[in-house]
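Presented below is the structure to which this report refers.
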Amino acid sequence: MPYFIAIFLSVSLLSGCQSAYYSAMEKVGVYKRDIMVDRVEDANQAQQNAQKQFTSALEGLKALNQFDGGELESAYQDIDSQYQRSEAAVNNVNDRIVAIEDVANAMFDEWQQELSLYKSATLKRDSQRKLQTTKASYNKMLTAMKRAEKKMEPVLDTLRDNTLYLKHNLNAAAIGSLQGQFNSLQTEISHAIRDMNSAIAESNRFIGHLKK
């Protein structure tokens with residue numbers, strides 16, 4: 001029971017910190033909609049960085065496939081470095097998506113609550129319609145982001161497997177065993193990049209919708 005209470009308190013504290021942050025930003029003229037745009041743009045950049053890192057990791061494995069003698073420890077260090085950078089890139093994308101969800105929940109909750117403040121039925125209906133269309137656009141973007149996020153997991157899993165295997169089997173035979181991983185990783189990265197590009201396209205459409 002204390003464990004769940006600790007989790008609840010942590011979540012509550014984090015939520016309170018975020019609310020205080022949004023309130024402070026609003027006082028200086030930066031609203032949740034502006035923060036949303038910034039966070040979506042940050043997520044787009046994080047996905048582009050992940051694409052570049054995955055491509056770099058693929059090149060690293062390709063170079064390993066062509067290994068014809070040399071320092072095996074150096075080969076391992078190169079692959080381990082690629083994995084570590086890829087893991088950091090994936091974690092960054094994940095964090096950016098969580099940040100988007102947080103501000104989205106705050107923005108939509110506030111928008112919904114403020115509908116009750118309208119005296120004009122016409123303006124209320126128009127605001128409610130815009131809320132619904134904005135939510136629909138957001139959900140489409142978030143679905144695309146989540147899909148791309150899932151496609152990154154197999155890439156990271158393959159890189160982790162390669163790194164662990166090479167770490168404990170530093171010999172030419174081990175490198176030969178990893179050669180079959182190249183085609184699989186190439187396919188996984190291709191699928192991940194395709195879905196990240198789709199997510200970025202949806203993000204740009206969502207940003208365009210917010211700026212109307």
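Things worth noting here:
- Restricting Arg96, Arg85, Arg39 to residues that are part of a helix (DSSP H, G or I), open to solvent by less than 70 Å² (accessible area, probe 1.4 Å), of a type in the set (Lys, Arg) and under 30 Å from Asp157 (Cβ atoms) narrows the list to Arg39.
- One residue from Leu115, Leu123 being surrounded by fewer than 15 Cβ atoms within 10 Å (Cβ to Cβ) and touching a residue at least 12 places away in the same chain (Cβ under 8 Å): Leu115
- Flag if Ala106 is under 15 Å from the mean Cα position of the chain (by Cα) and either within 22 Å of Tyr31 (Cα to Cα) or open to solvent by less than 20 Å² (accessible area, probe 1.4 Å) (or both): no
- Checked against (1) open to solvent by 60 Å² or more (accessible area, probe 1.4 Å); (2) out of contact with any Asp or Glu (no Cβ under 7 Å at 6 or more places or on another chain); (3) in a helix (DSSP H, G or I), Lys212 passes all but condition (3).
The values are calculated or read from the model by the stated rules, or taken from the named source; none is laboratory data. Computed from a predicted structure; not experimentally measured. Quick reminder, even Gly has a Cβ in these numbers, built from the backbone with ideal geometry, and neighbours come from all protein chains shown. Just so you know, the surface numbers come from the protein's heavy atoms only, side chains and all, with ligands and any DNA or RNA stripped out. Shrake-Rupley method; radii C 1.70, N 1.55, O 1.52, S 1.80 Å.
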